[in-house]
1. Can you list, largest first and rounded to whole Å, the semi-axes you get for region A:89-233 by taking the square root of 5 times each eigenvalue of its Cα gyration tensor?
2. Considering chain E as a Gaussian network with a 10 Å cut-off on Cα pairs, which listed residue, E:146, E:155, E:102, attains the greatest mean-square fluctuation?
3. Hey, what D do you get for region D:1-51 in µm²/s if you plug the Kirkwood alpha-carbon radius into Stokes-Einstein at 37 °C and 0.692 mPa s?
4. Peptide D:117-123: average number of partner chain Cβ atoms within 10 Å per residue?
5. Grab the alpha carbons of the protein assembly as shown, take their convex hull, and tell me the volume per residue in Å³.
6. If each label sits 7 angstrom from Cα along the C-beta direction, how far apart, in nm, is residue E:184 from its counterparts in the other copies?
7. Within chain F, which is the longest segment that contains none of the GluC sites (Glu not before Pro) sitting in a DSSP loop with at most 11 other Cβ atoms within 10 Å?
8. Go ahead and set up a Gaussian network model of chain B, Cα springs under 10 Å, then flag whichever of B:73, B:192, B:32 fluctuates most.
6 protein chains.
Amino acid sequence: MRVLAVGAHPDDLEILCGGTLAKYAAQGHDVMMAIATNGEVGSPTLSKAEIADIRRAEAQAAAAVISADLIWMNHPDEFLFSNHETRLHFLNTVRHARPDVILAHAPTDYHPDHRTAGQILWDIRVMTTVPNIETEAPPCEKIPEIYYFDTVAGIDFVPQFYVDISQFFELKKQMLACHKSQAAWLENQYGMSYLEFIEHISRYRGIQSGALYAECFQLSPTWPKRPGPVLLP
Amino acid sequence: MRVLAVGAHPDDLEILCGGTLAKYAAQGHDVMMAIATNGEVGSPTLSKAEIADIRRAEAQAAAAVISADLIWMNHPDEFLFSNHETRLHFLNTVRHARPDVILAHAPTDYHPDHRTAGQILWDIRVMTTVPNIETEAPPCEKIPEIYYFDTVAGIDFVPQFYVDISQFFELKKQMLACHKSQAAWLENQYGMSYLEFIEHISRYRGIQSGALYAECFQLSPTWPKRPGPVLLP
Amino acid sequence: MRVLAVGAHPDDLEILCGGTLAKYAAQGHDVMMAIATNGEVGSPTLSKAEIADIRRAEAQAAAAVISADLIWMNHPDEFLFSNHETRLHFLNTVRHARPDVILAHAPTDYHPDHRTAGQILWDIRVMTTVPNIETEAPPCEKIPEIYYFDTVAGIDFVPQFYVDISQFFELKKQMLACHKSQAAWLENQYGMSYLEFIEHISRYRGIQSGALYAECFQLSPTWPKRPGPVLLP
Amino acid sequence: MRVLAVGAHPDDLEILCGGTLAKYAAQGHDVMMAIATNGEVGSPTLSKAEIADIRRAEAQAAAAVISADLIWMNHPDEFLFSNHETRLHFLNTVRHARPDVILAHAPTDYHPDHRTAGQILWDIRVMTTVPNIETEAPPCEKIPEIYYFDTVAGIDFVPQFYVDISQFFELKKQMLACHKSQAAWLENQYGMSYLEFIEHISRYRGIQSGALYAECFQLSPTWPKRPGPVLLP
Amino acid sequence: MRVLAVGAHPDDLEILCGGTLAKYAAQGHDVMMAIATNGEVGSPTLSKAEIADIRRAEAQAAAAVISADLIWMNHPDEFLFSNHETRLHFLNTVRHARPDVILAHAPTDYHPDHRTAGQILWDIRVMTTVPNIETEAPPCEKIPEIYYFDTVAGIDFVPQFYVDISQFFELKKQMLACHKSQAAWLENQYGMSYLEFIEHISRYRGIQSGALYAECFQLSPTWPKRPGPVLLP
Amino acid sequence: MRVLAVGAHPDDLEILCGGTLAKYAAQGHDVMMAIATNGEVGSPTLSKAEIADIRRAEAQAAAAVISADLIWMNHPDEFLFSNHETRLHFLNTVRHARPDVILAHAPTDYHPDHRTAGQILWDIRVMTTVPNIETEAPPCEKIPEIYYFDTVAGIDFVPQFYVDISQFFELKKQMLACHKSQAAWLENQYGMSYLEFIEHISRYRGIQSGALYAECFQLSPTWPKRPGPVLLP
């Protein structure tokens, strides 16, 4: 399968579904990680241009841990809106990726960039196969399935599916460790470290589901749905 | 009564509330069918301009089956957004129509054009009677009531009201038969025919409500509401 | 039509749907008011037997204001449970009444007797027409429709329908005035008077719906539903 | 796997998940069909004892179509309550069956026997492995997973999973054809035939999910959940 | 504490949380009242410019009743949208105010300006402390807490917290009395007076919560939340 | 204040709200811990009588850690039902305790004893002050407030309030350490230890709310509510 995960900022995917992406990759699927914004506000000291460059390199390194492709969409951090231009950009990106499965931010997440990135993907899903909507990339041959991944800190997210990531938790940590610039930022802004954060979140989702470490998902509400097995690893 | 139904694309109204519109018309009410977008992506082979022209004629023919007025709003298919311009256009359209009742797409429907068309109508409802919001058409004398019609394939729609359309199912089929250009498109895109689709959907809503064929609705959550009987036929 | 309203205690119906019952009666429908429990705890000074007798007479007087029939079910106040015996008693009561419409307590109301009375009615609805469930009264010929009326103080109740009771508010007050024994009790237990309570509640529901005074209802979620107009006055 | 489906009355399982059971069986799983009540009210003319005997034989024949085991629990139709005795009976039944998966009625279904049967299964799920709760059958070795199947006519049921039953729709019809006594009853009570009913319902769920015929399910909300693939065929 | 309330139009804050603001002020907190739009459509006779000027003066007078600061944001009435410009304006406004608590419109309110004003505040909450998002005002030192106040007429609002405003109801009335231009408008548009409206609404919320007069609130769903006491007076 | 927490089994309170109880106690409030059932199934090897005796002693020791009173209600483990007898027993227990605040199991918790214990408390809340409902203990003088505490593993629980228990986490661990008999049981039944479980759960609720360790609560939906500050420590 071809799996496309779309995060709002560099490090969102690693935090929210990194173990699942590692598991997909280990099972031989093609994994693509798209980052909607350039993460340029993620520093208390560096300029926007400086931190954006650094974060792109960090995202690249994190994707490389699981041999995933990085897609840098480069929208301005904190100012992603759903409009004609972004809808077409997301559509073109998805058509290039030709995914069987899209992993996306849930509509209840805390940050507007998260909610908007998820919303645009939901909006364009049925457009992916329609020829008369013209993009540089050709239409997809079939409509991809969309799963929402967990929200940051699990706020207002009721899981439908759990993926056991116990065997992939080390890879998840390695991916997050690539985001070196964010360590001080998180400590400063939210008073926590990545490792402590994901240790507790992943164990919590594990306790809920009988796994050591887990991540969780919902099926996006849409049509046409598809019957048969859930396409999670 | 004056009844205004607003569909996102040509054929949406026929599929989702065509029997109810036929029933309104048969009871002597004035029925107006507004189509928000030009349906220009609805073809795997024709150009946008070609298919838009064809679909407008088909929509006109379908409206004629029940002697309804067609209102062609001509926004670009797949790219309807809620903004200053569309809000004013919808407001002007509603003020021209002076409806007692508006039938609109529900906020849980699968397609962004559907959700946006319903959202704009919800947004402008209380503006219809306000003089200082200037449009070409004069303000309405009273605020219309909005009912949401069923979603495509009933996804995430919990009906509040059912309308028995058994006596009007043939008219509903005739209306859909006018959309000749979409037969091949639907078969190609979704693997189904109009007739098969509405036969099962309408029977399903009928089984739920004790009718042979039915369509279903929700009251939109808003204020001021109105007491007294539901304005459905 | 035949209309059966079932309240948990004497005075519940008058508070929650008294105006609507008066309106039904004024329109020529047969109105029956069933009281599930004997209200025997509704006094800070009188014995259970004394207050139960008084309240039955008060309920009788209140029903007489709108020429409704009173059905005294006489279950112990505060201890109504759903079991074999109460299910059969409610079923027999409904079959005797042969209602087209049942008005019942909503499942989110604050008092267990309210919730239980509504629950039993919901449970027996489809049993009313089944011959092999034997009761003294014969089976109904058709399944009645159930509407839930407002909860006390509107807690956790989202109205679907409003009934304009402006012309019947005086009758509602007269009905409540029959419950003389409860005036001191309410003042003592909750620090309010009937008249003040229903004045604000009925005006609040009126403000929501554009009427001077209103009461509100939900359709109970069940099957088979019925198409066509809502059976509220 | 061992699959236990528990229906409230004879024919409920065939209507609501018969195709899925046939698919499980075809895949080599052990399928057990437990019927909570004896269906003794399901006749407008026969006595309780007569119709109960007939329906047991019909249920046996339907189970035989897919080589499933029938478990006849024999509670009185229309009067299934959750109490000490029924909880222990359901617990013992499940422990005998030792299922990996339980298919159960959803809590929003229209009939109290349906809701109660599903509720008891939900209640006893975590008790199945506890030694100090003594039943004739020994404790299970692991806690089974519970999926809720669709409600009758889909009332208030939001599907999470769809099972493609297109290849098993003929078997579903054969299973229902075994319930000969119910044909006249359904026609009389609800004005429809089994075949017409399941044709439209199964196609409707298919239209939602891109299959010709489908059935749908929810995961029951409980703990401990389990990670990994959904155990539906 | 520093308390910032943001209303969509002049008079919204007085109606929906005026008593609570008076209570905050009486307790010695700094109260700021921001008005997102200029209210220029609020007249059946005056021009936009005329009525906007009048309403600003009225809002100023109302704020003065409780010695609150007025912040006039001056967006066009009925046309507030969430976009790059409004997001930055709201962010700058909040950073100037440096609030501990923000009171905002709830997402279920009836008017699009209400919903949009609340949405933008929800969106920018986590941005308030981020240095790289540049505004004229410097970043806040801590993320403010957001409470949603009641909707107009309580439509679709389930209260979590009630504030007893009995001692401040006279001040609430005085604040509303400052909006003289709206008296005729409300009578004309909705057939009611401010005083009658807030008398019933405030008593209704009081009846729900055991106070004479009350206003009610919800905590906005977001992250990071904060532990400890609710910051309502 | 007088605080009554009611757990279904020994150790439930310590897991779900032990830190909050410790905080109440440290603030000088009277804390009472009632245990609805005797916990007699909580052993893979001991008899019911043996393990019940052991668990009562353990519960006593845990309560002693924070100088709380233990109330042993002694219903049979796994078989708590809501009926006339249990309703009166709970009512008498609450009247003896005369609480300002009750902490109770939430209606979405995974175990039927949990849900039933919470349900009975919800049911009897308004009965506590009614003289004509006779119990050995006299009626309360005021109706207590009920907060629901978190569910086991947080399943289907959306927190409204968080209590920072960072300073009381050691006491919470000490309380749980008293339940020695359950260590092996939990390891055997669910493959985890108390300490690991509460470490992750309490940190997770802390991450959500900006505390090191937290517990979370909801206000029960009922009437009459009370205005003013939340009564959590």
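1. Square roots of five times the eigenvalues give 30, 19, 14 Å.
2. Its mean-square fluctuation being the largest, the pick is E:155.
3. Working: Rh = 12.1 Å.
Value of D from the Cα-based Kirkwood radius: 272 µm²/s.
4. Whole-number average of other-chain Cβ neighbours for D:117-123 is 2.
5. 161
6. Relative to the other copies, residue E:184 has label-point distances of 5.4, 6.4, 6.4, 7.7, 8.7 nm.
7. Working: sites that count: F:136, F:141.
Result, exposed sites excluded: F:1-135.
8. B:192
The values are calculated or read from the model by the stated rules, or taken from the named source; none is laboratory data. Here the structure is a predicted model, which means the values were calculated and not measured. A quick note on method: Cβ atoms are made from the backbone with ideal geometry, for glycine too, and the neighbour counts reach across all protein chains shown. When the accessible area is computed, the model is the full protein with side chains, heavy atoms only, and any ligands, DNA or RNA have been set aside. Shrake-Rupley method; radii C 1.70, N 1.55, O 1.52, S 1.80 Å.
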